[in-house]
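To keep things clear, I will list the structure first and then write my remarks on it.
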């Protein structure tokens, strides 16, 4: 885990040369470097000639992780004896990461807002030193600055792991599309070469580099934005919105008749929740494709009628939807809405469809068109695959005699080590099958929704327990853009693993932050994991504090009439992230509340949550045949008249857990996968 860096003294004599071709002799102004394709190659450095010294390139240097560790080092120089071609020199990097720590070091150079937007590949030559030895694996990165919606600058990066280096010069050519962390290749700030102890296959050695350049090959290769073509036609009325809506409705088990309903709710709280649950269940009873028994992602209404040219029905699903749908069917049985035979029939049909879905390495793709039963995505998602696995675990343990074999087969095929980066100890966001490369982003913070999937991955034995403790509880103060600097950030040891602790504080309440401060990140894992009982000094205590601060911040500090901020639909159109800013490392914006947040907090603030739901129903026109609509703008009172499968499912499962003594959690924890990881919850004290 990174806790400190040193930037070495600048190395001005290694400043990179900016040229428009390998034969150019002058630096070209940044603003004009990629304005035309007169030159198909834009060289950043070729180390040729005396012009290398005192040229117009940017500053360069070395960097080290754990700089006071004498067991590691990095040295950079220009070598005029080893070069690619007959003239010039090469960049020589002598690295050593032979350390007791998980250290890393490398070389960096400024790119001075380089514009590479008209190029499609990055290329360079590299060789290892056969006498001194070398790693065959290392990483390169490009960095730029992006301004977020709050006006804060954040660094984004695009990286690539180079493999197969030999002792002879070879050309490395990397499509920019594969380096998917950056989509706009203008205003590049920095180029980095990294040697990481956990990645290299030789802890010390020497590599030589030459002729770094962006090139235009007119063969950019596949992109993460590529569309998966349909293998067959959906319907002849696809281009007519109203007719297409009716086509989709005919495939479902039912559909609402009215947009708004006036409900008279029982005064008794249990009966109130049961009444809402009965309405919410209708989404999962009806908005399911009859041919494949897969739930649709969403339905959206206008204020005039149920079905018109403005009605939108999401004719697709994603794998999280399927996973939580399985839990909803089990919940409907628990709540007495359907019989055991009906529940098993529904589950068997849906799981049978899951078995038939096109997969990659045992994992389903992230999105599927339910009408043609075809994937619409090239992306395999870690967290979404995990919620499908969670649903399968719950279904398997609800009705083991009927469902165990097929459920276990699907679970065994999901090896979550596929998403694990052993270098950082984190899980990749996912994998793009069309570019054969992982997403640039990883899940690095513990107190976010993906922790539930990390828990499953560890419980299955797919990834080491070390992964749990390498996730950050708080970020170091070298991240100055945080909403606040962590307090008491110190190293602790649990189960023999080191972890950095620390906490934030709000009005005297200590808590470990989530990324955005949303109820979804904080409490979605609690629909399956019994953090309240198993982690009373760690996650369970933190869950309670997040719920209470959500209430206090919205009602008392912001003066909202209701509380509950979490990612949801935007009244007026779209989807966005919402949260209580002080609860987040980055912190999402406020202004919109969503009912699913109140359902998630039932376990931790029951009185406040139930009263809040009653207030939402009374104050806003936000209730339909299938329960609460997704979101309300607290300033205008306008509701987003949409049902999202995920948000409805979280609400429904949370009601079942609250009314039936954690019924879904009990089924999850009855599985060996969950039991195997329980010690992770029990040992940690966030605030000791």
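Coordinate-derived values only; no laboratory data. Note that the structure is a prediction, hence the values are computed from the model and not measured. Note that each Cβ is placed from the backbone with ideal geometry, even for glycine, and that neighbours are counted across all protein chains shown.
A few points about this structure:
- Distance between segment 466-491 and segment 529-591 - C-alpha centres, whole angstrom: 20
- By the beta-carbon count within 10 Å of each Cβ, the least crowded to most crowded order of 642, 303, fewest first, is 303, 642.
- Note on residue 312 and residue 268: with the Förster distance fixed at 30 Å, the Cβ-Cβ geometry gives a FRET efficiency of about 0.25.
- Over the chain: helical MRE at 222 nm, DSSP H runs n ≥ 4 each giving -39500 (n - 2.57), nearest 500: -8000 deg cm²/dmol
- Amide N of segment 326-345 lying under 19 Å from the label point, which is placed 7 angstrom from the Cα of residue 290 along Cα→Cβ: 342-343, 345
- This ranking places 199, 263 by how few other beta-carbon atoms lie within 10 Å of each, fewest first, which gives 263, 199.
- Degrees between helix 382-398 axis and first principal axis of the chain (Cα, 0 to 90, nearest 10): 40
- P(r) tail fraction, segment 56-151 - alpha-carbon pairs more than 22 Å apart, %: 46
- Nearest-ten-degree value, helix 269-286 long axis tilted from longest Cα axis of the chain: 70
- Where labels lie 7 Å past Cα in the beta-carbon direction, separation of residue 685 and residue 361 in nm: 4.0
- Take the Cα of residue 615, step 7 Å toward its Cβ, do the same at residue 477, and the gap between the two points is 3.7 nm.
- Dimensionless Rg ratio for segment 241-682, taking C-alpha atoms and the 2.2 N^0.38 Å reference: 0.93
- Euclidean distance between Cα centres, segment 141-218 to segment 325-340, Å: 50
- Ascending count of other beta-carbon atoms within 10 Å, so fewest first, for 320, 217: 217, 320
- As a calculated quantity, the FRET efficiency between residue 147 and residue 101 at R0 = 56 Å, using C-beta atoms, amounts to about 0.95.
- Among beta bridges from DSSP that stay inside segment 241-682, the antiparallel ones total about 95%.
- Computed label-point distance, nm, for sites residue 607 and residue 183 using a 7 Å Cα→Cβ extension: 4.7
- Between helix 539-552 and the chain: long-axis angle, C-alpha atoms, 0 to 90°, nearest 10: 70
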